[in-house]
């Protein structure tokens, strides 16, 4: 039989209320509090319950994680549950932190449950299955049952029907599916148009995601001392494409030495980007990676110096996850040479 | 990519033709280029004209790196 | 404009003595058809096959699909392309239904080419897996592009269009089993009841992003890169005025067959006079420079507004930077007060976590989503391959690769394959066939 372990806070772990919120993590064999309910519905043995005070984990997160991961390292388990945390903010965040750590360390499914207003939802919904839970402990049975039912599916390898149908918060993971009713896009589009024109409710198939922003990096104070690097997503590479960067959906990148080179010449460099007409970039790669004018600015003293490499990959069809990984792989090289600023050209 | 570099503390400018895309991906300093296949030099013009345009637009990009901005900014270009 | 399409439902296709149609059986005289194909000096070798749903056949690299038809008045099927420039969308034509003519490269593929499986798990990925297909497998003397990733496929595609017309000729003098009639009164001359209904335009954004001629979709033989958005009668689209091009990752493409049978136009016709007033088609395009994209969006919004459109459906033949044309067009229409629905595929990555379109805007409130270009697909070997399977890995097909550290090559030694949906032939069916949608997991 498969095995499960559950995390709860001091209150549901029957240690005590707010006065016991500094309670350090413990692991108990068998079922405590919500774990009893979980066991009723789960087709796996709930072997242990971990209990920790909300304040302890909140103010000593690192320490708490260390203790909890220590509890788990010699245990056999196939799935991990936490909560349900309802609208309890500290508890929700704790469930999220513990589940995230367990998933990263043990690579097994983790499931928790929170009310939509719990701050843990926004913080952790992309990292795990968080079920849409009730407002308070009155919903305990329903929430645990929902977690268990989905846990059973995962353990048996049954088809996940998607966030809405299963009842967890969307994780920002979108895949194509075949509609059961087989209604084709033309009919859906015309019917949606008729509804939109008549002010009737309809459901878009692509809700606009929220944008992720990063803080603006400060301006360079003295450009004449700055080290500048050139990066491109336009796929400019040495003619034989030594890093075998793919022409679409790239997972590879390259850095190419430009010491002593003042100009990217036709026949020496080319583009392998398949998303645009390559004629102009092949004829003069400087139109994508403007090395020639950067050298001019270097000679004039407008910039301190140009970093000795340019970095290249292909943007078309390349996922954000891959792009972020590739950027993070380039960063150590840029830091090593104390690069201050980057010009990124895209096509 | 731009976001990762900026997150790591590099001051970065994106030179791109598709301003809506650069804005959507969260670039903060943006300098427009003239097209997708030839961002910095129109092959229908002379080599001198291409150089001039490229020199100018990269100059705008360099200047953008020294400019303090409060929000996502698309820097204006004249040629 | 009134177009009557007389249908001949093809129940089976066989090779035989004369190219003819009788009792649902389409007979193809192979030699006659091949002689016709070989009359183009650029075709160096050619062979014909018949494939049907359920056959254990994999086709790759697929370049084009065309519905065999004939115009009864002797006009060319694709005016300005296979023959002289005449008005499309009027009069009578006869069509061989439930079948298509597929063009497959004998050796060489490219970025824009795709794959079709006629049976098994892979058959759900393309519309053409459900049709009976006449397959022209051929090679050409176009050596200049043999090793180019972007191919014009000029001779092969032209051979397909001409052969479809040649085969279509066999039903010219026969009586069709049923007739579909497409007729729209001029915009200002519609009956009172229809005129009072909310009016809708269909905005098509065909692929036109190559600046060199020979790759893009054509309208009456004219490269769509060289046009500004224009108002067209939907019958023109259904009647061969628009043909598919040879650029864009394949799952996002529209085959000529798709234009000839555009299901979105057909559904709008069905609603015309009942729930809406179908004004017609605004034929736009897709561009590479922001100014061009914005210019097209301005034109579309202006034409829609001038026609008095209350609503619009916008569909893009592409993904990636064409998303900027798509989003820009929808925003321009919404800003002009036209309530708009968009039809597109998404690129969320193999892990599903990427931003679905490269540009986004909160004004996109009504989107029909037809698939994920980067979904990873693994398929077992198939008994028969038409074309050259290795092209999927070797020739830079958009969903294939020569090697990958983790996944290995797209084509394995046992002929099983691993690929991205990108290379499924017109697989995202943005033209309207798609039974797929996108779901949050």
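Of the residues making up region A:94-117, those that are under 19 Å from the mean Cα position of the chain (by Cα) and modelled with pLDDT under 95 number 0. Scanning region C:95-116 for residues being more than 14 Å from the chain's Cα centre (by Cα) and over 22 Å from residue C:318 (Cα atoms) gives a total of 9. Looking across region C:55-76, the residues that are part of a loop (DSSP other than H, G, I, E, B) and within 16 Å of the chain's Cα centre (by Cα) come down to C:67, C:68.
Taking the listed residues A:45, A:37, the one that is within 19 Å of residue A:84 (Cβ to Cβ) and at pLDDT 95 or above is A:37, with no other qualifying.
Looking only at residues in region A:330-344 that are part of a helix (DSSP H, G or I) and surrounded by 15 or more Cβ atoms within 10 Å (Cβ to Cβ), the one that is nearest to the other protein chains (Cβ to nearest Cβ) is A:331.
Out of curiosity, is residue B:69 more than 12 Å from residue A:344 (Cα to Cα), part of a loop (DSSP other than H, G, I, E, B) and more than 7 Å from every other protein chain (Cβ to nearest Cβ)? No, not satisfied.
Exactly one residue out of C:363, C:353 is surrounded by fewer than 24 Cβ atoms within 10 Å (Cβ to Cβ), touching a helix residue (DSSP H, G or I) at 6+ places or on another chain (Cβ under 8 Å) and at the interface with chain A (Cβ under 8 Å from one of its Cβ atoms), and it is C:353. Scoring residue B:40 on the criteria (1) touching a strand residue (DSSP E or B) at 6+ places or on another chain (Cβ under 8 Å); (2) closer than 19 Å to residue A:298 by Cβ; (3) not in a loop (DSSP other than H, G, I, E, B) leaves a single failure, condition (3). Residues in region B:1-37 that are outside any loop (DSSP other than H, G, I, E, B), in contact with a strand residue (DSSP E or B) (Cβ under 7 Å, 6 or more places away or on another chain) and facing chain A (nearest Cβ under 7 Å): 9 in all.
For residue C:391, the requirement of being modelled with pLDDT of 95 or more, buried (at least 17 other Cβ atoms within 10 Å of the Cβ), away from every other protein chain (no Cβ under 14 Å) and within 18 Å of residue C:249 (Cβ to Cβ) is met.
The values are calculated or read from the model by the stated rules, or taken from the named source; none is laboratory data. Everything quoted here is computed from the prediction, not taken from an experiment. Heads up, the Cβs are rebuilt from the backbone with ideal geometry, glycines too, and the neighbour counts pull from every protein chain shown.
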